[in-house]
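> I'd like to ask you about the structure that follows.
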Amino acid sequence: MRSNRMWMGTKGQRAALLGTLLAVMLGSTGCGEECLDAFDCRDQGAAPAGQAWACVEEKCTQVTLNNNTGDDDAGTNTDAGTQTDAGTQTDAGTQTDAGTQTDAGTQTDAGTDPDAGTEPEPDAGSDPCESATYDPKLGTLQLQAGYVAGESAAVAGLANSGLIAVTPGPTYSLYTVIGGSVQSSDAPVVYSLGTWPQVELGATPLFDVLAPEDRGTTPGWIASALVTDGQRLLTGYMRPSGGIAPASGGVGVHDIATSAASTYLPAPNILYAGAAPGVFLTVSDGLDTVSEGRSVYALKTDASPFTALKVGTFPENVHGGGAISVSSNGVAMLSYLSKSDNRYHGHAVAPAVMAQALATGTPFAVADAPEVDSFLGPVSAMGNGVVVLRGEFAPPDFDFGFTDVSRFAFTLTDAGATVTVGAPEPVLVFPNQCTLVSTMIPMGSDLLVKVQDKNGARLVRIRDAR
């Protein structure tokens, strides 16, 4: 992801962000082969300078990037730097090559002119996003009837921070993780972001995401989760193994008021987490002393010591678990990545079903719960429902584009044992890809979205006005 200096300035840079967002959204395969495509290698850690992760013969492999930094460029398509050139064919002394003919060094090159596998890149004057009208809060996004955009706050310097947590309120305290991402090899730490809407990065870290025994070890830890129940923050981290090394990872449970009461627990390959009163939920290969493979685990925090147990199972033959979000009326939306369409499938687990699993230790089947939707983007609770960021690979070229942020309402009956999922209701619509949504976080009954475009990154509060 590029800096705000050139952020979203061209179609190529917007495409690069789309690729980064998709890479973050899609989880690891969790199956026999190490990868199916480059998305599956997103959790391999930060590649060395000039390198990037690619999927080569079903193995995550570091490949050399071309030095171009232009638009649809040599780093992502075949061009003068990756095809047969003067260095691999008859050389400069015997054939016309980069030194004697038009090439990347002497004329319009692969970074600015169409190259193999690309179409002509419009210049700044013809790029529709350069001439589009941008709302100060929502950019080019279109807010739908019944919803209003409340306060907004710039998040300069946090464009690459995807993990943000907000306490339940009525005072909304914000936290974020810095470091421990595919863009950084720095050890991940938690910072305060102040209270809404006075968002400002704290001067010093609050907590280490890593357990003491993992600090100072070889870089490569990825921060995978940050959620809060108002009293505590749960952080998650993992060192992706690509199916080669043993699974590793853990969670930290940080008492916001009393840091000495914080603790760290094993949670191999933790991918996602969620929070509800008295319990944290994880998608991982285990939690604390319970280790039964990729499942939904719960950490009960309503009594000391905390108790971990397995509460949910995923269907067989799937890539693995997906995001967790718990609505205001206690419905837990759990999801998994399907091999059949490479999309996440969300299911709404009724609070009575979850309570029974917590009480008895007998897991429920996630796929038995009513299906919410299939999607590729983030999810978040919003009042008595959830919102999902949806998109599609549209013909004829099947380029990916986000289409909308839609809300699904949850209605409970039978004393919380039955949940009915409402029809999708658009909240935000994408008329183009000039402004993107990279993060969604519940804020009480409202929704906090992080939007990014050529004007920078900012958090915007969305309310249901009805």
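The values are calculated or read from the model by the stated rules, or taken from the named source; none is laboratory data. Small disclaimer: the values here were computed from a predicted structure and weren't measured. For neighbour counting, all protein chains shown are included, and Cβ atoms are generated from backbone atoms with ideal geometry for every residue, glycine included. Protein only, heavy atoms only, side chains kept; ligands, DNA and RNA dropped before computing areas. Shrake-Rupley method; radii C 1.70, N 1.55, O 1.52, S 1.80 Å.
> Among the residues that make up the range 202-214, is at least one of them without any contact (Cβ under 8 Å) to a residue 12 or more places away in the chain and open to solvent by less than 40 Å² (accessible area, probe 1.4 Å)?
Within the range 202-214 (the criterion being without any contact (Cβ under 8 Å) to a residue 12 or more places away in the chain and open to solvent by less than 40 Å² (accessible area, probe 1.4 Å)), the answer is yes, since at least one residue qualifies.
> If you take the residues of the range 243-261 that are part of a loop (DSSP other than H, G, I, E, B) and buried (at least 16 other Cβ atoms within 10 Å of the Cβ), which of them is farthest from the chain's Cα centre (by Cα)? Outline the logic, then answer.
Keep residues of the range 243-261 that are part of a loop (DSSP other than H, G, I, E, B), which gives 243-248, 256-258.
The next check asks that each one be buried (at least 16 other Cβ atoms within 10 Å of the Cβ); those that pass are 243, 247-248, 256.
Values: Gly243: 21, Ala247: 21, Ser248: 20, Ile256: 24 Å.
That would be Ile256.
> If I ask for residues that are loosely packed, with under 15 Cβ neighbours inside 10 Å, part of a strand (DSSP E or B) and not β-branched (Val, Ile, Thr), which ones from the range 393-447 would you list?
Phe393, Ala394, Asp399, Gly401
> Residues in the range 292-328 that are among the small types (Gly, Ala, Ser) and under 25 Å from Thr439 (Cα atoms): how many?
Our first condition is that a residue be among the small types (Gly, Ala, Ser); within the range 292-328, this holds for 293, 295, 298, 303-304, 308, 312, 320-323, 325, 327-328.
Restricting the remaining residues to those that are under 25 Å from Thr439 (Cα atoms) gives 295, 298, 320-323, 325, 327-328.
Of the residues in that region, 9 qualify.
> Give Trp196, Trp221 a once-over and let me know the one that is open to solvent by less than 60 Å² (accessible area, probe 1.4 Å), touching a residue at least 24 places away in the same chain (Cβ under 8 Å) and touching a Pro at 6+ places or on another chain (Cβ under 7 Å).
Details: Trp196 fails: touching a Pro at 6+ places or on another chain (Cβ under 7 Å).
Matching residue, one of Trp196, Trp221: Trp221.
> I'm checking my understanding of the structure. Among residues of the range 276-319 that are without any contact (Cβ under 8 Å) to a residue 24 or more places away in the chain and closer than 21 Å to Pro351 by Cα, which one is surrounded by the most Cβ atoms within 10 Å (Cβ to Cβ)?
The residue in question is Thr307.
> Continuing with the same structure: Return the residue satisfying two criteria in turn: it lies in the range 351-374 and is small (Gly, Ala, Ser) and within 20 Å of Thr301 (Cα to Cα), and of such residues it is least open to solvent (accessible area, probe 1.4 Å).
Residue satisfying both the conditions and the ranking: Ala357.
> While we're here: Give the residue that is modelled with the lowest pLDDT, with candidates limited to residues of the range 144-160 that are closer than 28 Å to Met238 by Cβ and open to solvent by less than 40 Å² (accessible area, probe 1.4 Å).
Kept after step one, since they are closer than 28 Å to Met238 by Cβ, are these residues of the range 144-160: 155, 157-160.
If we keep only those that are open to solvent by less than 40 Å² (accessible area, probe 1.4 Å) as well, we get 155, 158-159.
On the way: Val155: 84, Leu158: 63, Ala159: 52.
The residue in question is Ala159.
> If you don't mind, another one. Of the residues that sit in the range 320-347 and are farther than 19 Å from Leu271 by Cα and not β-branched (Val, Ile, Thr), which one is least open to solvent (accessible area, probe 1.4 Å)? It would help to see each step written out before you state the result.
Taking the range 320-347 as the starting set, the residues that turn out to be farther than 19 Å from Leu271 by Cα are 327-331, 340-341.
The next check asks that each one be not β-branched (Val, Ile, Thr); those that pass are 327-330, 340-341.
Details: Ser327: 8, Ser328: 76, Asn329: 40, Gly330: 30, Ser340: 106, Asp341: 63 Å².
Only one residue fits best here, namely Ser327.
> Okay, moving on. On the basis of being crowded, with 21+ Cβ neighbours inside 10 Å and either touching a residue at least 40 places away in the same chain (Cβ under 8 Å) or under 26 Å from Met443 (Cβ atoms) (or both), does Gly230 make the cut?
Working: crowded, with 21+ Cβ neighbours inside 10 Å: no; either touching a residue at least 40 places away in the same chain (Cβ under 8 Å) or under 26 Å from Met443 (Cβ atoms) (or both): yes.
Here the answer is no, as Gly230 does not meet what is asked.
> I've got another one for you. All but one of (1) crowded, with 16+ Cβ neighbours inside 10 Å; (2) outside any loop (DSSP other than H, G, I, E, B) hold for Gly377; which doesn't?
Failing condition for Gly377: (2).
> Return only the number of the condition from (1) outside any strand (DSSP E or B); (2) in contact with a strand residue (DSSP E or B) (Cβ under 6 Å, 6 or more places away or on another chain); (3) under 24 Å from His254 (Cα atoms) that Ser304 does not satisfy.
It fails just one condition, (2).
> What are the residues in the range 161-188 that are at pLDDT below 95 and in contact with a Gly (Cβ under 6 Å, 6 or more places away or on another chain), if any?
Of everything in the range 161-188, those that are at pLDDT below 95 and in contact with a Gly (Cβ under 6 Å, 6 or more places away or on another chain) turn out to be Pro168, Gly169, Asp186, Ala187, Pro188.
> Out of all the residues in the range 271-286, is one or more among the hydrophobic types (A, V, I, L, M, F, W, C) and over 19 Å from Ala381 (Cβ atoms)? Show your work before the answer.
Here is the first cut: in the range 271-286, the residues among the hydrophobic types (A, V, I, L, M, F, W, C) are 271, 273, 275-276, 279-281, 283.
Applying the additional criterion that residues be over 19 Å from Ala381 (Cβ atoms) yields none.
No - not one qualifying residue is present in the range 271-286.
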